[in-house]
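Data block below; observations after.
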Amino acid sequence: MTTPHTHTTTQGTIAVLGLGRMGEAIATRLAAQGWDVVGWTRSGRTSGAVKTTGDPNDAVAAADFVLLALFDGPACRQVLDDVRDLLRTDTIVLNTSTIAPAEASELARQFGPSYVHAPVLGSVPAVAAGTLQILAAADHDALDRARPVLEALGTVRRVDDASTAAALKLIANSSLAGAVFALRDSLRQADALGLPRAQVLDVLELGQLGGLVARKRPFLDTPPAPAAATFTIQALSKDMALLADASNTPLRSASGLAETASEPDPDPEADIAVAATVPAVEDAVLAPLRAYIRGHATGDPSYFRDAFLPTAHIEGIRDGAFVSWHLDEYCTLFPGRPAPDEPTRTRRIDAVDVHGTVATATMTLSHGADTFTDVFLLARVADGWRIANKAYHHRTCAT
């Protein structure tokens with residue numbers, strides 16, 4: 001690990017390809033540190049903070065370093081294919097983009113010792129302060145040459161290879177997505193309890209989510225304060241999809257963020273903090289689950305007929321054998337009156353995830369020594385939400 005230090009004289013020419021939020025911040029920081037910077041962006045939109053060109057080939061023709069700050073792997077491949085013939089043999093390609101491990105590995109193979117894969121941890125404020133954490137994978141000579149550029153942006157942490165650097169960046173962003181969802185859960189529960197938002201955020205700043213809450217407070221207050229996004233829902237959603245694909249392991253935040261990004265409000269270009277303020281699921285989705293709870297509490301099967309579609313099945317292991325009941329068969333299990341130990345029984349809706357016209361839900365039922373975990377598939381039909389099917393797991397706790 002090295003300590004960032006400042007350059008006060010021109011060190012060389014850097015072409016920054018991609019002038020979005022991060023790219024423009026990086027270009028501005030490098031120019032302020034004494035580097036000769038020329039930028040290019042596919043959209044043609046720039047703030048004028050650094051000199052730009054409309055042709056990426058013009059930007060790279062005289063560049064000692066070509067720094068990529070692009071949205072995804074396909075953008076990196078396309079831009080590098082476009083400028084490849086104009087790259088000098090001694091030009092170092094620095095790729096700070098967040099892409100898939102396989103994409104990073106392929107670019108490293110194509111460009112060999114002139115390629116430095118350098119994804120960064122931190123957003124626009126960290127760029128401006130020169131406090132990024134940079135995961136750099138490269139040939140020793142290339143990294144030695146690139147180090148002054150990278151150290152103008154933050155602290156360099158060497159990683160063995162491009163694939164590992166890309167994977168570690170995705171893992172880091174996964175923890176950020178988890179924190180956003182944890183914050184969302186806290187805010188939803190606080191809203192359900194009628195707690196003032198400002199008071200809740202004050203207390204959350206004291207805990208494990210404190211750093212995130214403090215940084216994102218303008219987006220979280222009610223009403224939110226005007227603030228520019230530093231990391232968008234769309235970008236984090238893309239990163240989580242890359243991680244889920246690369247690991248071939250289920251990742252709830254990948255689908256959760258994608259669902260958030262597809263909603264008209266917030267929009268995909270909103271800051272990730274806005275995903276933490278999405279209201280809880282509407283009562284209409286909860287209505288059949290609450291009817292199901294009332295059926296268990298009262299023993300009255302009419303509640304189950306309200307909760308389930310007529311075609312529903314209820315399935316699980318009973319007395320060591322798999323059972324699959326039609327709704328009518330299931331209803332015959334209930335005598336029309338509460339169980340004798342009903343005052344000691346509890347039922348809790350654990351999670352509900354809505355995906356357009358379908359939803360999934362889980363519930364925990366504690367009936368004395370017996371605990372049931374129920375998993376529901378719900379569908380939105382003409383007369384509202386209904387349970388399409390239920391599967392359950394039953395366990396008995398020894399007393």
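The values are calculated or read from the model by the stated rules, or taken from the named source; none is laboratory data. Everything numeric here is computed off the predicted structure, so don't read it as measured data. So basically every Cβ, Gly included, is an ideal-geometry build from the backbone, and we count neighbours across all protein chains shown. The accessibility values were calculated without ligands, DNA or RNA, using every heavy atom of the protein model including side chains. Shrake-Rupley method; radii C 1.70, N 1.55, O 1.52, S 1.80 Å.
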Quarter of the Cα convex hull surface for region 284-380, i.e. its orientation-mean projected area (nm²): 6.4 nm²
Low-density loop positions, trypsin sites (Lys or Arg not before Pro), region 219-311 - DSSP coil, at most 16 other Cβ in 10 Å: none
Whole-percent pair-distance distribution, where bins are 5 Å wide, for the alpha carbons of region 75-123: 5, 19, 32, 26, 12, 4, 1
Mean accessible surface per residue for region 183-315, computed with a 1.4 Å probe while every protein chain stays in place, in Å²: 50 Å²
Rounded tilt (10° steps) of 252-262 against the dominant C-alpha axis of the chain: 80 degrees
Cα-Cα separations in region 195-239 greater than 12 Å, expressed as whole percent: 65 percent
Estimated FRET transfer efficiency (F322, T371; beta-carbon r; R0 30 Å; 0.05): 0.95
Under 5 Å, built H, 5+ apart or other chain: amide partners of A152: none
Cross-link partners of K51 among aspartates and glutamates (Cα-Cα below 15 Å; sequence separation of 8 or more within a chain): E24, D36
Residue-span extension gain [D283 to R345] - 0.36 nm each, minus C-alpha spacing: 20.0 nm
Built amide H within the under 5 Å cut-off of V16, gap 5+: V38, G39, W40, L67
For A100, residues with placed amide H under 5 Å, excluding near neighbours: G73
Candidate residues S255, S237: accessible-area rank, largest first, probe 1.4 Å: S255, S237
Dimensionless Rg ratio for the chain, taking C-alpha atoms and the 2.2 N^0.38 Å reference: 1.26
Accessible surface of the chain, 1.4 Å probe, proportion on carbon and sulfur as whole %: 54 percent
Cα centroid separation - region 231-256 against region 169-225, whole Å: 20 Å
Exposed-loop-free span, longest in the chain, where GluC sites (Glu not before Pro) count as exposed if DSSP calls them loop and at most 16 other C-beta atoms lie within 10 Å: 1-204
Rounded tilt (10° steps) of 73-83 against the dominant C-alpha axis of the chain: 20 degrees
Distant alpha-carbon pairs in region 109-155 (separation over 14 angstrom), percent: 48 percent
Using θ = phi - 60° and Karplus 6.51 cos²θ - 1.76 cosθ + 1.60, couplings along region 88-94 (whole Hz; Gly, Pro as x): 6, 5, 9, 6, 9, 9, 10
Rounded to whole Å, sorted largest first: equivalent-ellipsoid semi-axes of region 63-156, Cα gyration tensor: 20, 15, 12
Length-normalised contact order of the chain in % [C-alpha pairs under 8 Å, at least 6 apart]: 10 percent
Order of exposure, largest accessible area first, which applies to M22, M363 with probe 1.4 Å: M22, M363
Convex hull volume per residue in cubic angstrom - Cα atoms of region 1-129: 111 Å³
Theoretical FRET efficiency, 1/(1+(r/R0)^6), r = Cβ-Cβ of R215 and D55, R0 35 Å, to 0.05: 0.40
Contact order normalised by residue count of region 65-170, Cα under 8 Å, 6+ apart, percent: 27 percent
Relative contact order (%) - region 89-140, alpha-carbon pairs under 8 angstrom, separation at least six: 35 percent
Cubic angstrom per residue, convex hull over Cα atoms of region 84-209: 129 Å³
